[in-house]
Amino acid sequence: MTPSTAATSTAATSSTAASAAASWAGFATAEPALAATVEARFGAYTHHTLATLRKDGSPRTTGLEVRFLGGELWLGMMPGSVKALDLRRDPRFALQANPGDGTGMGGGDVRIGGRAVEVEDPEVRAGYVEEVQPPEPFHLFRTELTEVVRTCVEDDAYLVVQVWQPGKPLRTVRRA
C-alpha cells in the first residue's frame with residue numbers, strides 16, 4: 001500500500017462527537033475551497049510549528065516539515081525525536097503553518113488539530129519513501145483531523161475566522 005492507496009483505506013471516520021476525526025481527503029471533500037487554501041499556506045514554506053504534549057501535560061513546540069500525499073497529511077520525524085516520542089505517548093497535536101515574512105499573512109493564518117497515528121506498514125512506508133525520499137530511519141505519522149481553523153482579514157475591515165470540525169458545517173465568524 002502506498003500513501004496514495006492509504007487514503008482510500010483511511011477515509012473520514014467518526015465514532016462519537018468527542019472523538020470524530022477525518023483524513024485530509026475527508027476534509028478536502030467536505031470543504032474543498034478551505035482545504036486548498038490551507039494546503040497552499042503549508043506549501044508556501046517548508047518549516048512549520050508542531051505542538052505536542054510532554055509527559056507532564058505541558059506543551060512542547062518544535063519545527064517540522066509536512067507532506068500532503070494521497071489524501072493524507074503526513075508528519076515525518078527523525079528517529080527518537082522528542083516530538084515523535086510525545087506523539088507515541090499522546091497522539092494529540094496542533095500544527096501551525098509558517099506565517100512567513102512580515103505581517104502580510106497571504107491566505108491567512110491556518111492551524112490544524114488532531115491525532116497522529118504512527119505508521120508501521122512496510123508498504124505504506126515504502127510509498128512514502130518513494131515520494132519524499134526522507135533520510136532513514138524515520139518515524140512516520142498519518143494525521144486524523146479534529147479541527148481546521150483559518151483566520152484572515154477580509155476587505156481590510158473584518159477579521160474572519162473559519163472553523164471546520166468533522167461532521168459539522170463550516171462555521172464562519174466575521175468581526176468588524
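Nothing in this text is a laboratory measurement; each read-out follows from the coordinates by a stated rule. From a predicted model like this one, the values you see are computed outputs, not experimental measurements. We place every Cβ from the backbone using ideal geometry, glycine too, and count neighbours over all the protein chains shown.
Here are the numbers for the structure shown:
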read-out: Total charge dipole magnitude, the chain, about the Cα centre, Cβ charges on Lys, Arg, Asp, Glu only, Debye to nearest 20; value: 640
read-out: Efficiency of FRET from Cβ geometry, R60 and N98, R₀ 25 Å, rounded to 0.05; value: 0.90
read-out: Gain on full stretching of the segment that runs from D90 to E123 - 0.36 nm per residue minus C-alpha separation; value: 9.4 nm
read-out: Chymotrypsin sites (Phe, Trp or Tyr not before Pro) within region 91-176, DSSP loop, no more than 12 other Cβ atoms inside 10 Å; value: none
read-out: Cα-Cα pairs of the chain separated by more than 27 Å (percent); value: 25
read-out: Theoretical gain in end-to-end length, F138 to V153 [0.36 nm per residue, Cα-Cα removed]; value: 1.6 nm
read-out: Extreme residue, positive dipole direction of region 53-96, given options F68, L85, L95 (C-beta unit charges); value: L85
